[in-house]
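Have a look at the structure below before the remarks.
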Amino acid sequence: MAKKITSNEKKETEGLKSAEDFIESYSRISIPVYSDEITSKTSKILKKYFDESKGGYSELLKKLRDSLGNSFSKIDRSEIIRELKQNYKKEKLVLILGAGVSMSFGLPSWDILLQKLMMTTLEKEKNTSSILSKLFTKIFNPSPLIAGRYLQKYFENNNTSFEEEVRKILYQEIERETASKLMDEIIRYCIAPGKSPNLNSIITYNFDDILEYHIQKSSLDLPYKSIYGKGMDVDTGELPIYHVHGYLPEKGKLSEANQITFGESVYHKQYTDTYSWNNIVQINKFRENNCLFIGTSLTDPNTRRLLDIANQQRTTKKGSHFIFKIKYKVEDVKKALSLLLNKEVDLLNEKSKASLQLEETAITLVETIESFEENDLRSFGIKTIWVDTYGEIPEIMQEIRKN
C-alpha cells in the first residue's frame, strides 16, 4: 500500500525539503512506502535488470521514449486553437469549470474542506481537533465519498444542516477581490448572451458563487441564470450556469434544491439515475457541443461515465472536447526520485544507482505519464492543451476569443 511522505519526515537538506514540500502540496506525484517483502523483491528485480543492461540503460530509455513517440504523438497546440476558434464562432463552445478556477480566491481544496468539516465533528479543544483532523486525513487518506457520507450522517444525527456547515467553511477565507486574469477572461466569454459569437453555456462542478459574483461586479450587462435543480428554466438571452454538483451561494436561505453532491448516498443516486437533471444536462452538452475543461482533473467516475455515454451517442466523431493540463516538471520528478532512492526504500545498491541516469529517467517518466494521461483523455474525445503554468490559460483563451 502506498502513502505520501508527511511533513514530519523532512530531510535536513534544502533540496530534499523542497521536494517533500512539492509532494505534500501536489497529489500528482507521490512517494510509495513499501513493505519489507515488496522492497526485497523489487531490489532483486532492479539489481538483475541493471546488471543485465551492462551500461545500456540510457539506450533503453531512449528506445522507450522513441516507442512512445511512434505509438502516440501530441496534437499541435496551434491546430487545437484553430479548432476552438471555429467552435466559439459556431456558438458550440461550453466552458466546464473545476475547483482550480475558484481556489485562487481563497476557497479550500477538497482535502482542506474535508479536514475542516472533520474538525467540527471532534469533541476536542480547537487546536487539538485541527491537528487530529489533519493527521487523520494524511495518515488514513479516507475516500472523499466515504468521508462525505460519514460527515452527512453526523450532521443529520445532530439536527444540523450539512449544506450550511459546508457553506460556512467554504467562505471562511474568501478573498473575492483577488486579481484573476483567468476569471476576467471567463467573464469576457460571457458577454452578450443571445448575440454572436457567444458562449453556449457554462457547467461548473463548484459549489461557490465566485463566478456569479464577478459577473455581477462587472460593469457589463450580462444576463445569466444559475441552474442547480430540476424545473429551473432559462429565458431567451440568458446565459445558463449549471451547478451540476449543487450550489451554495454565500448569502440567502438554502433549500432542498441546494443539495450538494458530496457524500456517497447522493453520489450513488446521481450515478444510478441517468435521467436526473444534472446528468441529462451533461450528457446533452457533451454530445451536442464542444466543451473546454478548465481547472479540473477529470478523475470523477460519474463525469467519465457521462462522457463515455455522450461519446457513444454522437452521430459523428468529428466533434471534440478540450482540456487544459499543467505539464509535469522534470525537476520535480527528479526530486521525487531522489527521495525515493535515498530515503524511502533501499531499492538499488550503489552500483545500480550509479547506472541510473536521473535526468534521463525523469524525462522518460514525464513523457510516459503525459502520454498515458493524454491517451486516456483522447478515448473520451478530449484533446489536451499542455501548459507550463496556469498563467498561460487566460492567454490562450484570449487568443481563441479574438478574430
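The values are calculated or read from the model by the stated rules, or taken from the named source; none is laboratory data. Because the structure is a prediction, the values reported are computed rather than measured. Cβ coordinates were reconstructed from backbone atoms using ideal geometry, including for glycine residues, and neighbour counts include every protein chain displayed.
Would you check which residues across region 357-373 are within 13 Å of Lys335 (Cβ to Cβ), under 23 Å from the mean Cα position of the chain (by Cα) and among the β-branched types (Val, Ile, Thr) and list them?
The one that is within 13 Å of Lys335 (Cβ to Cβ), under 23 Å from the mean Cα position of the chain (by Cα) and among the β-branched types (Val, Ile, Thr): Val366.
Go over the candidates Leu107, Leu132, Leu113 one by one and state the one that is part of a helix (DSSP H, G or I) and at pLDDT 85 or above.
Leu113
Of the residues that sit in region 229-285 and are of a type in the set (Ser, Thr, Tyr) and under 21 Å from the mean Cα position of the chain (by Cα), which one is nearest to Ile191 (Cα to Cα)?
Among those residues, the one meeting the criterion is Tyr242.
Go through region 215-228 and give me each residue that's surrounded by fewer than 21 Cβ atoms within 10 Å (Cβ to Cβ) and either part of a loop (DSSP other than H, G, I, E, B) or more than 28 Å from the chain's Cα centre (by Cα) (or both).
Of everything in region 215-228, those that are surrounded by fewer than 21 Cβ atoms within 10 Å (Cβ to Cβ) and either part of a loop (DSSP other than H, G, I, E, B) or more than 28 Å from the chain's Cα centre (by Cα) (or both) turn out to be Ser218, Ser219, Leu220, Asp221, Leu222, Pro223.
Using beta carbons and a limit of 9 Å, which pairs, at least six apart or on different chains, have the first residue in region 378-403 and without any contact (Cβ under 8 Å) to a residue 12 or more places away in the chain and the second one among the polar types (S, T, N, Q) and surrounded by fewer than 19 Cβ atoms within 10 Å (Cβ to Cβ)?
Short answer, once both residue conditions are applied: Ser379/Asn311.
For region 140-149, which positions are more than 13 Å from Trp110 (Cα to Cα) and either in a loop (DSSP other than H, G, I, E, B) or modelled with pLDDT under 70 (or both)?
Correct list: Phe140 only.
Yes or no: Ile96 in a strand (DSSP E or B) and either more than 30 Å from Thr361 (Cβ to Cβ) or at pLDDT 90 or above (or both)?
Taking the combined requirement at face value, the residue satisfies it.
Which count do you get for residues in region 330-384 that are outside any helix (DSSP H, G or I) and either at pLDDT below 75 or not charged (D, E, K, R) (or both)?
So the count comes out to 12.
Return the total of residues in region 250-300 being basic (Lys, Arg), assigned to a helix (DSSP H, G or I) and either modelled with pLDDT under 90 or more than 30 Å from Lys92 (Cα to Cα) (or both).
Number of matching residues: 1.
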